[in-house]
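Input: a single structure, listed below in structure tokens.
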Amino acid sequence: MTALYILIVLGTMLISFIASARVKSLYARYSQVSASSHATGAEVAAAILQRAGIRDVEIVAQEGMLGDHYDPMHKRLVLSVENYQSNSLAAIGVAAHECGHALQHQQAYGPLHLRMAAVGATQFASQVVMWLPILGIFGGFIAPRLGFTIMAAGWGVIMLFNLVTLPVEFDASNRAKRVLAEMGFIGSDEEMIGVRKVLDAAGWTYVAAFITSFAYMLYYLLPLLLGGRNRD
């Protein structure tokens, strides 16, 4: 294991930790601040979907912190129990963000459909980059150059998936901020600041994921481009 690899591991872990810690801190802070509209996350989600004419998406509650997501395959908008029931700025911000994905799906937003199409390949690539170093390169079963080629390709697929994810997530947050203001769920600039901080912090976790995958792709790709130098 080279010093460069150790540096990449530690550096990307630090970036991810900072991004994750920030979103958890801001989420915890604004989970304690009620919105002046007193609407719960579930009520906000239902109102946004109704306004957009989306009637085939089910809103459900699920145990687990920050497990909120929109499932385009099954037309389900999943909110954590806390966000489903709470009227906090964090809860309505997260609910509106997930509705942003439903709106993207309704409007055939290009990057969302690219991400949906790439899910299977990305899951396969994730398994490859997890197991190949153990079974192949480090076990001596695969030639180093071939192993580095496969690893570079695997991390490249993951990097492209994370790259496509960025506009999907930031667009959903922008839609959320806009619709919350238009529908009167946010009553002041101070409340909007709270919602914006939570959603922007969440967005940076996806930036951290992209940086991580890009760094690992370069680690395996550059030796191939610079002459195929073998790694120890």
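The values are calculated or read from the model by the stated rules, or taken from the named source; none is laboratory data. Note that the coordinates shown come from a computational prediction; the quantities given were computed from them, not determined experimentally. A quick note on method: Cβ atoms are made from the backbone with ideal geometry, for glycine too, and the neighbour counts reach across all protein chains shown. Calculation scope for accessible area: heavy atoms of the full protein, side chains included, ligands and nucleic acids excluded. Shrake-Rupley method; radii C 1.70, N 1.55, O 1.52, S 1.80 Å.
Some values worked out for this structure:
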| item | result |
| --- | --- |
| Acute angle (nearest 10 degrees) that the helix 89-106 long axis makes with the longest principal axis of the chain, alpha-carbon atoms | 70 |
| Solvent exposure, largest accessible area first (probe 1.4 Å, DNA, RNA and ligands not counted), of L26, L10, L226, L218 | L226, L10, L218, L26 |
| Lysines whose Cα lies under 22 Å from that of K197, excluding same-chain neighbours fewer than 8 positions away | K24, K177 |
| Sites Q50 and N174, calculated FRET efficiency, Cβ-Cβ separation with R0 22 Å, nearest 0.05 | 0.60 |
| Hz values of 3J(HN,Hα) by residue in the range 162-167 - Karplus curve (6.51, -1.76, 1.60), Gly and Pro given as x | 5, 5, 5, 5, 4, x |
| Heavy-atom accessible area order for M192, M183, largest first, 1.4 Å probe | M183, M192 |
| Extended-chain gain in nm, criterion 0.36 nm per residue less alpha-carbon gap, L4 and I134 | 44.9 nm |
| In degrees, nearest ten, helix 189-225 long axis to first principal axis of the chain (Cα) | 10 |
| Percent carbon-and-sulfur accessible area, the chain, ignoring ligands, DNA and RNA, probe 1.4 Å | 64 |
| Nitroxide proxy distance, nm - points 7 Å out along Cα→Cβ at V33 and L226 | 4.7 |
| 1.4 Å probe accessible area per residue over the range 28-177, in Å² | 48 |
| Residues with amide H under 5 Å from that of S80, placed H, sequence gap 5 or more | Q62, G67, D68 |
| GluC sites (Glu not before Pro) restricted to the range 56-131 and DSSP loop, no more than 10 other C-beta within 10 Å | E63 |
| Ellipsoid equivalent to the chain - semi-axes via the Cα gyration tensor, in Å | 39, 19, 14 |
| Cβ-derived FRET efficiency at R0 22 Å, L166 paired with R196, nearest 0.05 | 0.80 |
| Centre separation in Å (Cα based) which lies between the range 1-33 and the range 168-219 | 16 |
| With at most 15 neighbouring Cβ atoms within 10 Å, loop chymotrypsin sites (Phe, Trp or Tyr not before Pro) (DSSP) excluded, longest segment of the chain | 1-137 |
| D56 - accessible surface, heavy atoms, 1.4 Å probe, Å² rounded to 10 | 90 |
| Per-residue ³J(HN,Hα) for the range 173-185, Karplus 6.51 cos²θ - 1.76 cosθ + 1.60, θ = phi - 60°, Hz, x for Gly and Pro | 5, 5, 4, 4, 4, 5, 6, 5, 6, 5, 8, x, 6 |
| Loop sites in the range 21-99: trypsin sites (Lys or Arg not before Pro), DSSP, at most 15 other Cβ within 10 Å | R55, K75 |
